[in-house]
Amino acid sequence: TDLRPLDVLSEVAPARGVRVLQARGLRGLQLSASRPRALAFPASRLFIHCDRFPEEFSIIVTLRVLGVPAKSNEYIFTLMAEESPGVLVGLRYAPDKLHFLFWSQERAGGWQSRVTFPNVSLADSRWHTLVLAVSGQSFSLTVDCSSPKDVVVETPFPASLSVRRANFYLGNRQRRKGVFTGLLRQLVLLPGADATPQICTTMNFKVATLSVPTILQDVPVKPANNEVLKYPYETDTKVTLGSRPRCTKQEKAQFWFNASRRGLYLCNGSTWVSMLEVKHRLDYVEEYQNLVTNSETMGIEVFTIPKVGLFAATANRISPPGSAIYKWTDGKFVPYQNIPTYQAQSWKYFTIGKKIFLAVANFEQNERGQEFSVIYKWSHRKAKFVTYQRITTHSARDWEAFVIEGEAFLAVVNHREGNNHNIDSVIYKWNPRTGLFEANQTIATSGAYDWEFFTIGPYSFLAVANTFNGTSTKIYSNIYIWLSGSFQLFQSILTFGAADWEVLHIGDRVFLAVANSHSYDSGMPAPSNFYAINSSIYELNITAQMFVKFQDLLTYSALDWEFFSVGDDSFLVVANSFDGFTFSVNSIIYRWQGYEGFVAAHHLPTIGCRDWEVFHTADGSYLLYSSAREPLSKVLKLKTT
């Protein structure tokens, strides 16, 4: 018998369906489950002078095993005859077991025999070298040159096993099920000898080698002239390109390169952490898309449904046709779903567990004279939102969803009931038993427009923007704190037709910005301009345990603030809607400049601007604004340097 080592692994490396990875300083082959036949070759390439498998031999394997699920098996290799499902010779790994398979022809019609070595623990993501020595009825397994495990069986390995018209299959048994998911570095058949003495002569027993494919050796093949390296390899720490991939425990310690932002991110098991990123700076803003809407748009909500896509919901004034949902497709928002609404004011997207919801605040009654705001639930089967729960509201302006101590809440702003603006707004609590929201707490509000929920350390807050009490817009808006199972008054701030609160976190500092829409008091002389008034930014003073005024900014019937960041810079954009003469008013982006506070940086022409939303895609960052004066909203792209 020719006693030269037969390098089985070299016969398929390189080949399609094979990748070279590096782990713990050594290279190995990762085999693809999608192309098992591509990992096969005829046995005649090894057995050139004889078509019989050796009667005595050793199989040497160096491998790195990943976790194998319970009751699962992975094939390291098989030798199979053409057009036959039986395994002539094979090696299979199961959790804590190694099985050697062979076809015994001494029994009538042939029989599959199996020799099992128990208590073989390999799934520790480390490299291990196995030597299986076979001679007649004796089978001996040595793992990392430790004491051999000897097994003697009744059925001997056949003395004359034909390999004519047989094929070797690497990491599989001619099918996708049971494919080896780890790395193979060495797979050698040594006829006529126990290879243990040849292998166990090095100090590093786990990676001892008899024959390793060229592309796995320590020194890469040197390219000739300017050729690209013929056999590139990768480490087991993968780098993913393209859109943001998922980040779970399975992807932990993997990298993602965001080409559009030129940033490298590391998965920590739950979120992507920036490791290296080019810090962009906002240069200018350009018009990107004119979004034609069903009618004037009072509010917008941009959200992402996992594995489905990016969406924008517009709250449109006229019904029919109601409001619309748009999907981001090929770099643009396109119509996706129409939903009947009644002078809709705003949308709120939120999730509870795996359930996905979208709530609309309806300002007017429906055709039957009923006044409801509606919660819709995403149907994965229908791929659209369907009605889930109707809640009685009174000229609803806004919904706010939040979670406190693991419990889900949904708060609605009731603006007025008839001509009475001093009514209760309601906080609903999710009942997991009934699967419905139920009234939990009422809070007295005055012509309210907006809720804003935020947390500071362990404390939860809810701020309401009170707009009009029936005689004046110069009224107090309130901030509530969650204590002993309910919201209690924390602080009152004088506002002027407050339409929106926006919380800002800049470093360790916390700010609250209020959008004041107009100044009106029936008992006072009319000002020269109701709408050109200051909107204010307040900062939390930890010592005083209250928000104190930080900065005033002149605005024109401001209806919304939106806070966002580009690189290391923080920005605040205001929705200016009316200056007392025209709805064609510039809305302004303010840049945070530390000691100077927020300084005007960009003036954006808008018409009756009602709401701003910022969103991000793989291609960059965008602002979307809604117009309450025309059926046209605009997407603006933030151009960076």
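What the table shows:
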quantity	calculated
Residues being under 19 Å from Arg629 (Cα atoms) and not in a strand (DSSP E or B) - total across region 299-331	6
Strands (runs of 3 or more DSSP E) fully within region 105-185 counting 1 or more residues that are touching a residue at least 40 places away in the same chain (Cβ under 8 Å)	111-118, 127-135, 138-143, 166-170
Tally of residues being open to solvent by 60 Å² or more (accessible area, probe 1.4 Å), modelled with pLDDT under 80 and either closer than 25 Å to Lys177 by Cα or out of contact with any strand residue (DSSP E or B) (no Cβ under 7 Å at 6 or more places or on another chain) (or both) across region 1-40	5
Residues satisfying the stated conditions in region 568-622, i.e. touching an Asp or Glu at 6+ places or on another chain (Cβ under 8 Å), of a type outside the set (Val, Ile, Thr) and open to solvent by less than 10 Å² (accessible area, probe 1.4 Å)	Leu572, Ala575, Gly608, Cys609, Trp612
Boolean, Asn534 is open to solvent by less than 20 Å² (accessible area, probe 1.4 Å) and not aliphatic (A, V, I, L, M)	no
Answer from Leu161, Leu141, Leu170, Leu132 - the residue that is within 18 Å of Glu11 (Cα to Cα) and either open to solvent by less than 30 Å² (accessible area, probe 1.4 Å) or touching a Leu at 6+ places or on another chain (Cβ under 8 Å) (or both)	Leu170
Residue among Arg92, Arg126 that is surrounded by 19 or more Cβ atoms within 10 Å (Cβ to Cβ), closer than 24 Å to Pro148 by Cα and either outside the structural domain of Phe157 (by the TED database) or not aromatic (Phe, Trp, Tyr) (or both)	Arg92
Spans of strands (runs of 3 or more DSSP E) in region 489-565 with at least 2 residues more than 36 Å from the chain's Cα centre (by Cα)	532-541, 546-556
Tabulated pairs, region 568-584, first in the same structural domain as Thr297 (by the TED database) and without any contact (Cβ under 8 Å) to a residue 40 or more places away in the chain, second open to solvent by 30 Å² or more (accessible area, probe 1.4 Å) and not in a strand (DSSP E or B), C-beta under 8 angstrom, 6+ apart or interchain	none
Among (1) out of contact with any His (no Cβ under 9 Å at 6 or more places or on another chain); (2) under 19 Å from Leu291 (Cα atoms); (3) buried (at least 17 other Cβ atoms within 10 Å of the Cβ) - the single one Gln345 does not satisfy	(1)
Search result, residues across region 345-372 that are under 20 Å from His394 (Cα atoms) and within 31 Å of the chain's Cα centre (by Cα)	Gln345, Ser346, Trp347, Lys348, Leu358, Ala359, Val360, Ala361
Subset tally (residues that are modelled with pLDDT of 90 or more, open to solvent by 30 Å² or more (accessible area, probe 1.4 Å), under 17 Å from Val115 (Cβ atoms) and in contact with a strand residue (DSSP E or B) (Cβ under 6 Å, 6 or more places away or on another chain)) for region 41-89	1
Entirely in region 197-298, the strands (runs of 3 or more DSSP E) that have 2 or more residues that are open to solvent by less than 50 Å² (accessible area, probe 1.4 Å) and modelled with pLDDT of 75 or more	255-258, 263-267, 282-292
Considering residues of region 413-443 that are among the β-branched types (Val, Ile, Thr) and touching a strand residue (DSSP E or B) at 6+ places or on another chain (Cβ under 8 Å) only, the residue farthest from Leu462 (Cα to Cα)	Ile423
Close pairs (6 angstrom Cβ cut-off, 6 or more residues apart or separate chains): on the phi < 0 side of the Ramachandran plot and open to solvent by 10 Å² or more (accessible area, probe 1.4 Å) in region 464-479, among the polar types (S, T, N, Q) and modelled with pLDDT under 95 anywhere	Thr471/Ser522
Residue in region 176-193 that is open to solvent by 10 Å² or more (accessible area, probe 1.4 Å), touching a Pro at 6+ places or on another chain (Cβ under 7 Å) and at negative phi present	yes
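Every residue, every condition in (1) within 17 Å of Ile404 (Cβ to Cβ); (2) in a strand (DSSP E or B); (3) in contact with a helix residue (DSSP H, G or I) (Cβ under 6 Å, 6 or more places away or on another chain); (4) among the aliphatic types (A, V, I, L, M), yes or no:
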position: Asp424; (1), (2), (3), (4): no, yes, no, no
position: Tyr428; (1), (2), (3), (4): yes, yes, no, no
position: Thr445; (1), (2), (3), (4): no, yes, no, no
position: Trp451; (1), (2), (3), (4): yes, yes, no, no
position: Leu462; (1), (2), (3), (4): yes, yes, no, yes
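Matching residues to (1) within 43 Å of the chain's Cα centre (by Cα); (2) of a type outside the set (A, V, I, L, M, F, W, C):
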{"position": "Ser44", "(1), (2)": "no, yes"}
{"position": "Phe53", "(1), (2)": "no, no"}
{"position": "Glu74", "(1), (2)": "yes, yes"}
{"position": "Val87", "(1), (2)": "yes, no"}
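This table checks each residue for (1) open to solvent by 40 Å² or more (accessible area, probe 1.4 Å); (2) within 24 Å of Phe303 (Cα to Cα); (3) at pLDDT 95 or above; (4) in the same structural domain as Glu502 (by the TED database).
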| residue | (1), (2), (3), (4) |
| --- | --- |
| Phe363 | no, yes, yes, yes |
| Gln389 | no, yes, yes, yes |
| Arg397 | no, yes, yes, yes |
| Glu407 | yes, yes, yes, yes |
| Gly418 | yes, no, no, yes |
| Asp424 | yes, no, yes, yes |
| Leu436 | yes, yes, yes, yes |
| Thr445 | no, no, yes, yes |
| Thr455 | yes, yes, yes, yes |
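The values are calculated or read from the model by the stated rules, or taken from the named source; none is laboratory data. For clarity, every value in this text was computed on a predicted model and none was experimentally measured. All Cβ positions, glycine included, derive from the backbone under ideal geometry; neighbour counts span all protein chains shown. To get the accessible areas, we keep the full protein, side chains included, count just its heavy atoms, and leave off ligands, DNA and RNA. Shrake-Rupley method; radii C 1.70, N 1.55, O 1.52, S 1.80 Å.
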